[in-house]
Amino acid sequence: MTIMMISFLIQSSALGLGAVVCPRVLKARSSVERLQVACIGVNGMGWADLSSVGSHSQVQFVGFCDIDSSRFGQADQKFPGVAHFADYREMLTQLGDKVDAVIVSTPDHMHAPAAMMAMNMGKHIYCQKPLAHTVWESRQMSLLAQKRNLTTQMGNQIHSAAEYRLGVKIIHQGVIGKVREVHSWVGVQGRQYNNRIDRPEASVAPKNVEWDLWLGAAPERPFAPDVYHPFKWRDWQDFGSGALGDFGCHLLDPVFGALELTAPTSVVAAHSGTNNEVWPGPETVTYTFPGTKRTAGSSLQVHWRDGGLMPPRELAQMPDSMELPKAGSLFLGEEGVMVLPHVGMPMLFRNKQSIKDVALPNVQAGNHWHDWVDAVMEGKKTTDGFDFAGPISEAVQLGNVAARFPGQALGWDTLSLKISGVESANRLLTKTYRAGFEVKEVV
Ligand SMILES: NC(=O)c1ccc[n+]([C@@H]2O[C@H](COP(=O)([O-])OP(=O)(O)OC[C@H]3O[C@@H](n4cnc5c(N)ncnc54)[C@H](O)[C@@H]3O)[C@@H](O)[C@H]2O)c1
């Protein structure tokens, strides 16, 4: 990866540009009427992704992969006869050119190994949020998608919700003036699905679970019931990404979109303590971004809070009778405030009054999954491709590096992908991969 490549990627992202994706699929099959899709992770969010993509009339599934053989039921019932696999590497190798596009809906630690393999084979990707498990992986995902000219979409579907789109337009229309500061918050916290901070006793995986494949790139550890697979992997640093990783790519999406943010220049986290195993309880993460044409000054602070921590209510300039939503973002502008609930209609305030004298733009919701399919079929770019989503995922995972050094400000140089201030934090920008699941650097 060269500085020039990174610089180009960042500039493209900042300008909302990016390569126009050539219709690879259409070219490859002259009379193509179907997009042949393989799915990695078919239950949990994988089912939501699969059924939503599968409701597009031009989609045909050619492979279902899940490490747990008990979890194919819904997928098989709705889309019978699709070949099953436990190992995505076998699926992609065996199906080869039969696959045009891949959905990756595994736990976070396996997004990049699976998606990068598929992208290296020229497959278009729909990948769940956060795009990847580390800052370095997030960068590689964006670089590879751009290098291979692929049509990609991160699976933060509310990017396409009318409420979030409207929030972005309101800022772009200048209704609250230039933005001075942002606060985003969510109720959940990093460690909440297991009531534990240390590893459980070893147990034997049930026959239906391919534990070694579930671990994938992560360091080896024994199976234990009801603490990792399914869903509860979120709490653990080796597999999940904390509350910031779980919700940051949702909540910060309209913040990046509205303010055209690129990469922060520094980040600092605060919480009551954690260890090397699990993510912290309630935390705050404060980012400083370079100012943009949408912001009031030469820099902008974005304050993240989770686990029930809320911004001071007075900042919202709401009438006394109103409360902040349980999750959302607060855009403090020079001429008013926008409260953007997660996910709800934007509310505008000034001096404890609702701002009423504005004509709000008419905004339609998109179908995040179908928009990706259409873009692949038409050789176009999506609005939430890895050029846009990669920097959000990088910021989120940079916050998770800061969480391991609470109270210490980390300076961030996005071009060289380096932290200053706390040298040892650089090690956490990436991780070590178990053999067979490595992610190759894009050169
Ligand atoms: N966009 C959203 O609103 C949303 C909501 C929930 C989860 N997610 C994201 O979706 C992803 C999955 O989360 P979840 O809650 O569904 O997790 P989960 O553990 O409940 O489900 C994951 C599924 O993938 C399978 N799987 C695990 N490792 C695999 C591998 N290596 N290869 C193939 N299959 C594998 C599991 O057996 C399971 O069926 C995560 O990245 C999460 O952040 C997004």
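With K418, K356, K381 as the choices, which residue is without any contact (Cβ under 8 Å) to a residue 12 or more places away in the chain and in contact with a helix residue (DSSP H, G or I) (Cβ under 7 Å, 6 or more places away or on another chain)?
Among K418, K356, K381, only K418 is without any contact (Cβ under 8 Å) to a residue 12 or more places away in the chain and in contact with a helix residue (DSSP H, G or I) (Cβ under 7 Å, 6 or more places away or on another chain).
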Residues in the stretch 370-425 that are aliphatic (A, V, I, L, M), more than 20 Å from the chain's Cα centre (by Cα) and open to solvent by 10 Å² or more (accessible area, probe 1.4 Å) total 4
Filtering the stretch 98-129 for residues that are open to solvent by 10 Å² or more (accessible area, probe 1.4 Å), touching a residue at least 40 places away in the same chain (Cβ under 8 Å), touching a Phe, Trp or Tyr at 6+ places or on another chain (Cβ under 8 Å) and more than 8 Å from the ligand (Cβ to nearest atom) leaves a count of 0
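Those residues that are more than 11 Å from D306 (Cα to Cα) and in a strand (DSSP E or B), I need them from the stretch 271-286; list them, please.
Our first condition is that a residue be more than 11 Å from D306 (Cα to Cα); within the stretch 271-286, this holds for 272-279, 286.
V278, T286, listed by residue number.
Among the listed residues A132, A202, identify the single one that is of a type outside the set (D, E, K, R) and touching a residue at least 60 places away in the same chain (Cβ under 8 Å).
Going through A132, A202 in turn, the sole match is A132.
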Of the listed residues (P219, P254, P230), the one being in contact (Cβ under 8 Å) with a residue 24 or more places away in the chain and in contact with a helix residue (DSSP H, G or I) (Cβ under 6 Å, 6 or more places away or on another chain) is P254
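Could you list, in sequence order, all residues of the stretch 190-227 that are outside any loop (DSSP other than H, G, I, E, B) and either open to solvent by 70 Å² or more (accessible area, probe 1.4 Å) or not hydrophobic (A, V, I, L, M, F, W, C) (or both)? Don't jump to the end; show me each part of the working.
Step one: list which residues in the stretch 190-227 are outside any loop (DSSP other than H, G, I, E, B), which gives 203, 209, 211-215, 223.
Scanning the stretch 190-227 gives S203, D212.
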Of those in the stretch 168-177 that are under 23 Å from the mean Cα position of the chain (by Cα) and open to solvent by less than 50 Å² (accessible area, probe 1.4 Å), the residue farthest from V227 (Cα to Cα) is I171
The residue that is nearest to the chain's Cα centre (by Cα), considering only those in the stretch 154-167 that are buried (at least 24 other Cβ atoms within 10 Å of the Cβ) and more than 11 Å from the ligand (Cβ to nearest atom), is Y164
Of the residues in the stretch 178-189 that are closer than 17 Å to L300 by Cβ and open to solvent by 10 Å² or more (accessible area, probe 1.4 Å), the one that is nearest to the ligand (Cβ to nearest atom) is E181
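Residues are listed down the side, and each one gets a yes or a no for (1) of a type outside the set (D, E, K, R); (2) buried (at least 22 other Cβ atoms within 10 Å of the Cβ):
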{"residue": "Q36", "(1), (2)": "yes, no"}
{"residue": "I40", "(1), (2)": "yes, yes"}
{"residue": "M45", "(1), (2)": "yes, no"}
{"residue": "H56", "(1), (2)": "yes, no"}
{"residue": "C65", "(1), (2)": "yes, yes"}
{"residue": "A75", "(1), (2)": "yes, yes"}
{"residue": "K78", "(1), (2)": "no, no"}
{"residue": "M91", "(1), (2)": "yes, yes"}
{"residue": "G96", "(1), (2)": "yes, no"}
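Among the listed residues W304, W211, W233, identify the single one that is within 16 Å of the ligand (Cβ to nearest atom), farther than 18 Å from H133 by Cα and of a type in the set (F, W, Y).
Details: W304 fails: within 16 Å of the ligand (Cβ to nearest atom); W233 fails: farther than 18 Å from H133 by Cα.
When all the criteria are applied, what remains is W211.
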Considering the stretch 35-50, residues that are farther than 13 Å from A86 by Cβ and in contact with an Asp or Glu (Cβ under 6 Å, 6 or more places away or on another chain), and then whichever is farthest from the ligand (Cβ to nearest atom), we arrive at L35
Residues in the stretch 64-83 that are touching a residue at least 12 places away in the same chain (Cβ under 8 Å) and either acidic (D, E) or more than 11 Å from the ligand (Cβ to nearest atom) (or both) total 7
All conditions in (1) within 19 Å of V37 (Cβ to Cβ); (2) open to solvent by 10 Å² or more (accessible area, probe 1.4 Å) are true of Q146 except (1)
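The values are calculated or read from the model by the stated rules, or taken from the named source; none is laboratory data. Owing to the predicted nature of the structure, the values given are computational and were not obtained by experimental measurement. Positions of Cβ are backbone-derived with ideal geometry, glycine not excepted, and every protein chain shown enters the neighbour counts. Heavy atoms of the whole protein, side chains included, go into the accessibility calculation; ligands, DNA and RNA do not. Shrake-Rupley method; radii C 1.70, N 1.55, O 1.52, S 1.80 Å.
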